[in-house]
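So the structure is just underneath, and the comments pick up after that.
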Amino acid sequence: MSLWKQILNWRAAEPPFPVPWRAILEERYPAYLAMSAEDRTVFEVRLQHFVLKKNWEGAGGLEVTEEMKVLIAAAAARIARRLPLEVYDGLESIVIYPRTFEHEEGRGAYGLAHKWGTVVLSWNAVTHGIDLPHDGNDTSIHEFAHILDFEDGVANGTPLLDDGKDYHSWGLVMGKYFADLQNGDQMRKVMDTYGATNEAEFFAVATESFFERPNALKRVAPDLFEQLCGFYRLDPTKEEEDE
């Protein structure tokens, strides 16, 4: 069954997309308005399914609201709207703190993705990413990219690809630009240097740039951009203009 048919079946099985949710997206999520009508339909179904099927937990005294769920799920749906429906099946819970939370020996963190099926987010970081849609930094996108990377059970910057022959070119291109980010200045113009930490972080940071600064990434790293277009099955330069 094609992805589109699966989406339509999913849509028929669930309640209509809530009107208040659409109002939240129109007011707060610029990427939603930039989507084609077809992509918006797929996006809404994925978002609604994500909100309904995941466990949502507040931490640090935070009470989770519908708006929080919608805006966080929007990031998950945005990057995966053309991927197989099961890509988030391994993710069970979203934990939200009001602000930066402690992680590993008291260090502060904005977000974390765990292999055992939990994403932890700072709400302040989530809203910062939404309010600055073209700076190349979006904590929600970053952590959901890690979840896509985990789908094959290994956090190595290489998610499940369509065909076995795709892994060779993926490895060559990603390895090239990972080294460039570690050693040169050109890639640092379009990607946060945190992506130089390891291959998994490189993929997550590259995904942030791909969706937030697609034109700039395409200019600086055209073959990296092409690999990401192939994986995500879309070209974000057709949706919005970045700086």
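Bear in mind these aren't lab numbers, they're just calculated from the coordinates by the rules spelled out. Quick caveat: nothing in here was measured; it's all calculated off a predicted structure. Neighbour counts are summed over all protein chains in view; Cβ atoms, including those assigned to glycine, are modelled from backbone coordinates with ideal geometry.
Points to keep in mind about this one:
- Taking every C-alpha pair closer than 8 Å and separated by at least 6 residues, the mean separation divided by the residue count of segment 152-243 gives a relative contact order of 26 percent.
- The stretch between residue 55 and residue 2, if pulled fully straight at 0.36 nm per residue, gains 16.3 nm over its current Cα-Cα span.
- Estimated FRET transfer efficiency when R0 is 30 angstrom, pair residue 163-residue 89 (beta carbons, to 0.05): 0.90
- Between residue 104 and residue 215, the contour length at 0.36 nm per residue exceeds the Cα-Cα span by 36.4 nm.
- Each label point was placed 7 Å from the Cα along the Cα-to-Cβ direction; for residue 154 and residue 179 their separation is 2.0 nm.
- The distance from the alpha carbon centre of segment 21-35 to that of segment 189-243 is 22 Å, rounded to a whole number.
- Aspartates and glutamates whose Cα lies under 17 Å from that of residue 5, excluding same-chain neighbours fewer than 8 positions away: 14, 38, 39, 44, 86
- Calculated log₁₀ intensity ratio I(q)/I(0) where the Debye formula runs over C-alpha points of segment 152-243, q = 0.24, 0.26 Å⁻¹: -1.31, -1.49
- Summed residue charge, Cβ within 10 Å of residue 141's Cβ, Lys/Arg positive, Asp/Glu negative: -3
- Mean shadow area of the chain, taken as a quarter of the surface of its Cα convex hull (nm²): 13.0 nm²
- Relative contact order %, the chain, counting alpha carbon pairs below 8 Å whose residues are six or more apart: 16 percent
- Two-decimal Rg to Rh for segment 1-132 - Kirkwood Rh, Cα set: 0.98
- Pairs of Cα atoms in segment 5-46 fall into 5 Å distance bins, from 0 up to the last occupied one, in shares of 5, 23, 31, 24, 13, 4 percent.
- Simple label model, 7 Å out from Cα along Cβ direction - residue 14 to residue 28, nm: 1.7 nm
- Only Lys, Arg, Asp and Glu carry charge here, each on its Cβ (+1 for the first two, -1 for the last two); on that basis the chain has a dipole of about 440 debye about its Cα centre.
- Rounded D (µm²/s) - segment 34-103, Kirkwood Rh over Cα pairs, Stokes-Einstein at 4 °C, 1.567 mPa s: 100 µm²/s
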